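Have a look at the structure below, then the notes.
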Amino acid sequence: MIEESFKALYPNREFNYRTSIKYSGQFSAYNANIRQMGNHLELRLSREWEDIGDEIKKGLIQNLLVKLFGGKQKTTLNIELYTSFIKNLAKYTPKIHSDPILDESFDRVNVKYFDSGMEKPNLKWGTASYRQLGLYNYHDDSITISTLFTEQQDVLDYILYHELLHKQEKFNHKNGRSHHHTPRFRELEKLFENQAEMEKKLSRIAASGRRSTTIKRPKKRFTWW
């Protein structure tokens, strides 16, 4: 399966690799990775992938191969099937994570910005991170928020709104790459009340985090997806 996926992406390259696919319970749902050890390609997939059809699985493999080998990137039928599968996982994911503070934030944002039409995802607190403020995970329909915002309602609502936009807008897949912060996404983000002020608050919070630690941080002030 790995060889077939490789040749569909790189028809003019020779395939001189030993391959293996391992399913692991150490991954969260529908996650996977690839690594090259000499001429050995090893794919490790979460156990949920065991029962998924080969055509979708080939799309996952091709997505990982592009990240490993790069080159001229293209979209294949298998990648399109994989992308569609990931985009629709939220419909079938059980909602088992909630929290009173996050539930209240979701209700406020859902009423004000989504006309109460947004399905509630899994809502979780992460760590007190200054770098990853929020994250939407398509694989398990979950939003994870930094615990820095347990008592900052306005900023919490803004971060949650940003992550809910990811749930709503999904992502565009073009030329082998997924694009999450599209121009349309950025325009919708600006609809949040006092959005510019929220960004300033987040910048100040990120700056205070840099001052409070001696760990060298990347130039990007904060990360969310």
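The values are calculated or read from the model by the stated rules, or taken from the named source; none is laboratory data. Please read these numbers as outputs of a predicted model, since none were measured by experiment. Here the Cβ is made from the backbone with ideal geometry for all residues, glycine too, and neighbour counts use every protein chain on show. Accessible surface is based on the protein model in full, side chains and every heavy atom, while ligands, DNA and RNA are left aside. Shrake-Rupley method; radii C 1.70, N 1.55, O 1.52, S 1.80 Å.
Of the accessible area of region 1-88, with the probe set at 1.4 angstrom, what percent is carbon plus sulfur? Carbon and sulfur: 44 percent of the exposed surface of region 1-88.
For the pair Lys201 and His180, the difference between a 0.36 nm per residue extended length and the Cα-Cα distance amounts to 5.3 nm. Counting only residues at least eight positions apart within a chain, or on another chain, the aspartates and glutamates with an alpha carbon under 17 Å from that of Lys170 are Glu80, Glu119, Asp140, Asp141, Glu187, Glu189.
Which residues in region 177-207 have a backbone N closer than 20 Å to a point placed 7 Å from the Cα of Glu151 along the Cα-to-Cβ line? Flagged as within label range: 201-207. Dipole magnitude for the chain: about 1300 debye, using +1 per Lys or Arg Cβ and -1 per Asp or Glu Cβ, origin at the Cα centre. Charge dipole (Cα centre; +1 on Lys/Arg Cβ, -1 on Asp/Glu Cβ; no other charges) of region 22-138 amounts to roughly 480 debye. Based on a Kirkwood Rh over C-alpha pairs, give the Stokes-Einstein translational diffusion coefficient of the chain at 25 °C and viscosity 0.890 mPa s in µm²/s. It diffuses with D of about 126 µm²/s by this estimate.
Each peptide among 9-18, 98-107, 33-42 gets the average number of other Cβ atoms lying within 10 Å of its residues, and from highest to lowest they stand as 98-107, 33-42, 9-18.
With all protein chains kept in place, the per residue accessible area of the chain amounts to 55 square angstrom at a probe of 1.4 angstrom.
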